[in-house]
Amino acid sequence: MLSSKRILLIIGGGIAAYKSLDLIRRLRERGAAVTPVLTRAAEEFVTPLSVSALAGEKVYRDLFDLTDEAEMGHIQLSRSADLVVVAPATADLMGKMAGGLANDLASTLLMATDTPVLCAPAMNVRMWEHPATQRNFSQLEADGVRFVGPNEGDMACGEYGPGRMSEPLEIVASIEAQFSAGPLTGKRILVTSGPTYEPIDPVRYIANRSSGAQGTAVARALAALGAEVIFVTGPADVSPPERVNVVQVETAQQMSDAVDAALPVDAGVFAAAVADWRVSSASDKKLKKSRDGLPALEFAENPDILKRIAHMEDGRPLLVVGFAAETDNVIEHATAKRARKGCDWIVANDVSPATGIMGGSENAVIVISEEGAEEWPRMGKDEVAKRLAVKIAGALTK
Ligand SMILES: Cc1cc2nc3c(=O)[nH]c(=O)nc-3n(C[C@H](O)[C@H](O)[C@H](O)COP(=O)(O)O)c2cc1C
């Protein structure tokens, strides 16, 4: 599967560096060639000799090495691979990457490369949860860096939580997935998903019952066909899929901004249940019970993301797909919605409580397009997603 692929493996200075030795072995078993790069700190955890012996190649360590620079300059080295893998990606390395620093060989290669980068973070749970690391993580995802893990579990430091580096075979699976070409390889697709939360005050909000299950399944199915997926999600019940660039938001306005930041895209799938209104009178202090009666909430209209994107004059995605959750006259209402919003397709479903669709694992959809209404039988949300992804691939590649 990985034969003829070259991986530039950057090993950072964390305890999990020992797992990278196994990672090298697993990659080579699958036919990949590994060019190893050790940071200065990584040498405190694994020796250049072990890394070189396992990789069967020279180890690169120093930006200012005259021999290395004469043989293969750092710019050439950064572009010599099919994929750059950073494992373990320490907090420090992630910070350098997110901040654009280039003050040693590893960070310079990461700045100079034009090759996709996959990071496997590994650090103490507090370091992972630190706002600075989370900020760097979001920034890197927005920059197109892909991630595998971190996993949750016991740590070398005795604590428990997220921060453990993914196991070598998980990293291998993620590397293999990066190379699996599909009909959507080279296509960039935006998917919105989940509900939005509209604050009333700092502790209360107005939300809806969307679980995010269908949007998440669509994002996963599109990624499986090779698309680069930007997944903008409200606070959903289900975890985001692997191999997509996740942007987490809460309010409709934040979702709208995140959608703008993701453009341009080849297609947009707008599966999020975006609140139509927000509380314009939202308080920055918790509202108190008072003897003067009930608080009066005033509402303002939220941005209509689907309509705005579907009506873009410049750079409109080739395909704009909206979702409609209806409780009656589904085809009629969804057809009217398609015309009103100006999108190419509407995926309509009946979410009246008796159907069990909202929050459930199945869906029965009707895809409304220029050609009319196409009724799909009731099936799992994953199946709906796969079928929709194939239909999208058909539309984008015809
Ligand atoms: C025993 C020990 C274990 C460490 N483990 C980690 C780790 O797992 N993750 C991490 O981000 N930093 C860890 N650090 C801190 C890093 O080694 C330090 O931030 C270093 O500057 C990272 O260098 P790098 O950018 O080359 O990865 C550890 C430090 C020590 C002394």
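The values are calculated or read from the model by the stated rules, or taken from the named source; none is laboratory data. Just so you know, these numbers come straight off a predicted model, no measurement behind them. Cβ atoms come from the backbone with ideal geometry, glycine included; neighbour counts cover every protein chain shown. Heads up: the accessible areas ignore ligands, DNA and RNA and are worked out on the full protein's heavy atoms, side chains in. Shrake-Rupley method; radii C 1.70, N 1.55, O 1.52, S 1.80 Å.
Could you tell me the accessible area of residue 47 in Å² (1.4 Å probe, neighbours in place), rounded to the nearest ten?
That residue has around 70 Å² of solvent-accessible surface.
Could you work out how far the C-alpha centroid of the range 43-120 sits from that of the range 181-230, in angstrom?
33 Å
Give, in nm to one decimal, the length gained when the segment between residue 307 and residue 239 is fully stretched (0.36 nm per residue of separation minus the Cα-Cα distance). List each step's numbers first, then the result.
Values: separation 68, 0.36 × 68 = 24.48 nm, distance 2.73 nm.
Here the segment from residue 307 to residue 239 would lengthen by 21.8 nm.
Going by amide H atoms built from the backbone, whose H comes under 5 Å of the H on residue 251, apart from near neighbours?
Answer set, sorted by chain and number: 197.
Under 10 Å, Cα contacts only: if you run a Gaussian network model on the chain, which one of 329, 151, 349 comes out with the highest mean-square fluctuation?
Of 329, 151, 349, the most mobile in the Gaussian network model is 329.
In percent, how large is the relative contact order of the range 6-179, given Cα pairs closer than 8 Å and 6 or more residues apart?
Details: 335 pairs, mean separation 40.1, N = 174.
Answer for the range 6-179 is 23 percent.
Explain nothing, just compute: Karplus ³J(HN,Hα) = 6.51 cos²θ - 1.76 cosθ + 1.60, θ = phi - 60°, for every residue of the range 252-262 in order, whole Hz, x for Gly and Pro.
Rounded to whole hertz, the list is 4, 5, 5, 5, 4, 5, 5, 5, 4, 5, 7.
Please label the shape of the range 188-397 as rounded, prolate or oblate, based on the square roots a ≥ b ≥ c of the eigenvalues of the alpha-carbon gyration tensor (a/c under 1.5 means rounded; beyond that, a/b larger than b/c means prolate, else oblate).
Prolate is the answer for the range 188-397, as a/c is 1.5 or above and a/b outweighs b/c.
Once phi is turned into θ = phi - 60°, what whole-Hz ³J(HN,Hα) does the Karplus curve with 6.51, -1.76 and 1.60 give for every residue of the range 89-99, x standing for Gly and Pro?
Along the range 89-99, the couplings run 8, 6, 4, 5, 5, 4, x, 5, 4, 5, x Hz.
Cα centroid distance between the range 358-398 and the range 246-320, in Å?
Taking the Cα centre of each part, the range 358-398 and the range 246-320 sit 25 Å apart.
Go through the range 120-126 residue by residue and turn each phi into a ³J(HN,Hα) via Karplus (6.51, -1.76, 1.60, θ = phi - 60°); whole Hz please, and just put x for glycine and proline.
With coefficients 6.51, -1.76 and 1.60, one gets 10, x, 8, 5, 4, 4, 5 Hz.
Taking amide H positions as placed in the peptide plane 1.01 Å from N, state which residues far from residue 63 in sequence (5 or more) or on other chains have amide H under 5 Å from it.
HN-HN under 5 Å from residue 63: 105.
Ignoring any ligand, DNA or RNA, what whole percent of the accessible area of the chain comes from carbon and sulfur when the probe is 1.4 angstrom? Numbers along the way, then the final one.
Working: 9610 of 19030 Å².
Carbon and sulfur: 51 percent of the exposed surface of the chain.
Scan around residue 374 for amide H atoms under 5 Å from its own, H built in the peptide plane at 1.01 Å from N, and keep only partners 5 or more places away or cross-chain.
367, 368, 369
Net charge within 15 Å of residue 206 by Cβ-Cβ distance, Lys/Arg positive one each and Asp/Glu negative one each, not counting residue 206 itself? Don't jump to the answer; show the numbers that get you there.
Working: positive: 204, 209, 278; negative: 198, 201, 250, 276, 298, 301.
For residues surrounding residue 206, the net value is -3.
Please give me the summed charge of the neighbours of residue 110: other residues whose Cβ is under 14 Å from its Cβ, Lys and Arg +1, Asp and Glu -1.
On the way: positive: 79, 96, 146; negative: 92, 104, 114, 143.
My count for the surroundings of residue 110 gives -1.
I'd like the accessible area for residue 357: 1.4 Å probe, protein heavy atoms, all chains in place, Å² to the nearest 10.
10 Å²
Let me know the charge dipole size of the chain about its Cα centre in debye, to the nearest 20, where only the beta-carbon of Lys, Arg (+1) and Asp, Glu (-1) is charged. If you can, show how the numbers build up before the last one.
Values: 41 positive and 52 negative charges, 61 e Å.
In total the dipole reaches around 300 debye.
Mind checking which of 33, 48, 70 is farthest towards the positive end of the range 24-80's charge dipole, using Cβ charges of +1 (Lys, Arg) and -1 (Asp, Glu) about the Cα centre?
33
Using a 1.4 angstrom probe with every protein chain in place, what is the largest-first accessible-area order of 111, 1, 165, 312? Don't skip to the answer; put the middle values down first.
Numbers: 111 110, 1 135, 165 5, 312 50 Å².
Output order, biggest surface exposure first: 1, 111, 312, 165.
Using every alpha carbon pair in the chain, what percent of pairs falls into each 10 Å bin from 0 up to the bin containing the largest distance?
5, 20, 27, 22, 16, 8, 2, 0, 0
Just by accessible area at a 1.4 angstrom probe, what is the order of 129, 228 from largest to smallest?
On the way: 129 95, 228 60 Å².
Solvent-accessible surface, decreasing: 129, 228.
Could you size up the charge dipole of the range 328-374 around its Cα centre, putting +1 on the beta carbon of Lys and Arg and -1 on that of Asp and Glu, and report it in debye to the nearest 20?
In debye, rounded to 20, the range 328-374 gives about 240.
Express the accessible area of the range 319-398 per residue in Å², computed with a 1.4 Å probe while the remaining protein chains stay in the model.
On the way: 3870 Å² over 80 residues.
Spelled out: the 1.4 Å probe surface of the range 319-398, per residue, equals 48 Å².
How large is the accessible surface per residue of the range 6-179, computed with a 1.4 Å probe and reported in Å² as a whole number?
Solvent-accessible surface per residue comes out at 43 Å².
Please list, short to long, the whole-number percent of alpha-carbon pairs of the range 144-226 in consecutive 10 angstrom bins beginning at zero.
14, 27, 31, 23, 5
Rolling a 1.4 angstrom probe over the protein chains, ignoring ligands and nucleic acids, what is the accessible area of residue 205 in square angstrom, nearest 10?
It works out to around 110 Å².
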